[in-house]
Amino acid sequence: MLAPYLVGLIVLVLAPFAVTLALAFTEYDLIRPPRWTGTANLTALTADPIFRTALVNSLVFGAVAVPLRLLAALGLALLLHRRAPGTSTARTASVLPTAVPEIAYGLLWLWLLNPLYGPISQVLRLGGTNGLTVFGRTPPQWLTDPADARAAIVLMSLFTIGEMFVILLAARRALPPDVYELAALEDATAWDVLRRITLPLIAPVLGLLLIRDAIGSLQFSFVPALVVTDGGPPPYATTYIPLFAYRNAFEYLRYGYAAAATLVMLLLTVAAVALQWRLLRRYGRFHSQ
C-alpha cells in the first residue's frame, strides 16, 4: 500500500535531489556535458553580492512571514470554530485564496497593488487630499520602494493559509468541550482559557505547522517575486534564493551555479527546522515536568 507513495517520493523528490546535488559541483550550461569543478560554485556564491542579497531577503522573509501566517491561521480558526450565521461563508473565503493558481494569484495582486488605480491605494487615499492618505502621507509604493515591495510579498503570503486554517480548525473543534465548561464554571477569562487550555492542547499541531511552513517559506516567495515585483525594485529588493536559482538556470543557463544555490537553500531549511525542532522539544519537556 505504500508503493505508490514510495514511487512518487523516489521519482519526484529523491531523484531530482540527487541530480541537483551532483550538478552543484559541476559547470553545466545544458549544451556541453557537465564538467566537475568541485566546490567552485559554492565559493563563487560566497563572493556573489546578488546571492548575499537574496540570502538576506529569504531569511528576513522567513522570519517575518512564517510567524505571521501561523498567527493569522490560528486567529481565523479560533474565530470561526463555532457554528453561526455566515460562518460557512467565512470559512470558504479563508480557504479560497489557497486554491487559486499561483500565477493568477500573482496577477491579481499586481492589480491590487498598482500605485495609481489599484484598489488598495484607492482605499488608503480615502479622506486624504492631493493623492495623500488621511494621515497626510503618500500611500505605500508597493512596486517601486524596496521596503514596501518586501512588505507586499509578506502581505501576499498571509492570504494563502487555507490549509493551515483547516488543520487548526479541525484541531480546535476536536478539543473536549468539558474542559471549556469547567473553565466557564471557574469564571476563567477568555485570555486565561486561550493561554492555559487552548494553546497548550493544540501546541503539537502548531509546532508541526511551524516546521512545515518554515520548510515551504522560501518557495512561497517565488511566484510573487517573479510576477509582481520581478525581483526588484533595484537593487534586487525582492530577489529571493528560489528566484535567484531560477534566473541563473533558465535565463543565464548556469545550471551548476543554480544547483549550488538550491543546495544552500536546502541546508538553510534543514538548519531552521532543526532549530525549531530543538526548541519544540525543550518546550515539551518543560511542560511535562
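The values are calculated or read from the model by the stated rules, or taken from the named source; none is laboratory data. Quick caveat, the model's predicted, so the values are computed rather than measured. Cβ coordinates were reconstructed from backbone atoms using ideal geometry, including for glycine residues, and neighbour counts include every protein chain displayed.
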Y180 being within 30 Å of Q141 (Cβ to Cβ), out of contact with any Pro (no Cβ under 9 Å at 6 or more places or on another chain) and either aromatic (F, W, Y) or free of Cβ contacts under 8 Å to residues at least 24 places away in the same chain (or both):
no
Just checking, does segment 132-141 include any residue being exposed (fewer than 15 other Cβ atoms within 10 Å of the Cβ) and in contact (Cβ under 8 Å) with a residue 40 or more places away in the chain?
no
Kindly indicate whether T98 is touching an Asp or Glu at 6+ places or on another chain (Cβ under 8 Å) and modelled with pLDDT of 90 or more.
yes
Condition check: at pLDDT 85 or above, touching a helix residue (DSSP H, G or I) at 6+ places or on another chain (Cβ under 8 Å) and β-branched (V, I, T). Does T189 satisfy that?
no
Can you name the condition, by its number, that T39 falls short on among (1) loosely packed, with under 13 Cβ neighbours inside 10 Å; (2) modelled with pLDDT under 90; (3) on the phi < 0 side of the Ramachandran plot?
(2)
Among the residues of segment 186-223, which ones are loosely packed, with under 15 Cβ neighbours inside 10 Å and either among the polar types (S, T, N, Q) or in contact with a Leu (Cβ under 8 Å, 6 or more places away or on another chain) (or both)?
T189, L194, L199, Q219
If only one of T144, T138, T133, T160 is closer than 20 Å to G62 by Cβ and not in a helix (DSSP H, G or I), which one is it?
T160
Would you mind stating whether A151 is over 28 Å from S94 (Cα atoms) and either assigned to a helix (DSSP H, G or I) or in contact with a His (Cβ under 9 Å, 6 or more places away or on another chain) (or both)?
no
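Residue-wise test of (1) farther than 25 Å from D145 by Cβ; (2) of a type outside the set (G, A, S).
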| position | (1), (2) |
| --- | --- |
| R196 | yes, yes |
| P200 | yes, yes |
| P204 | yes, yes |
| L208 | yes, yes |
| P224 | no, yes |
| A237 | no, no |
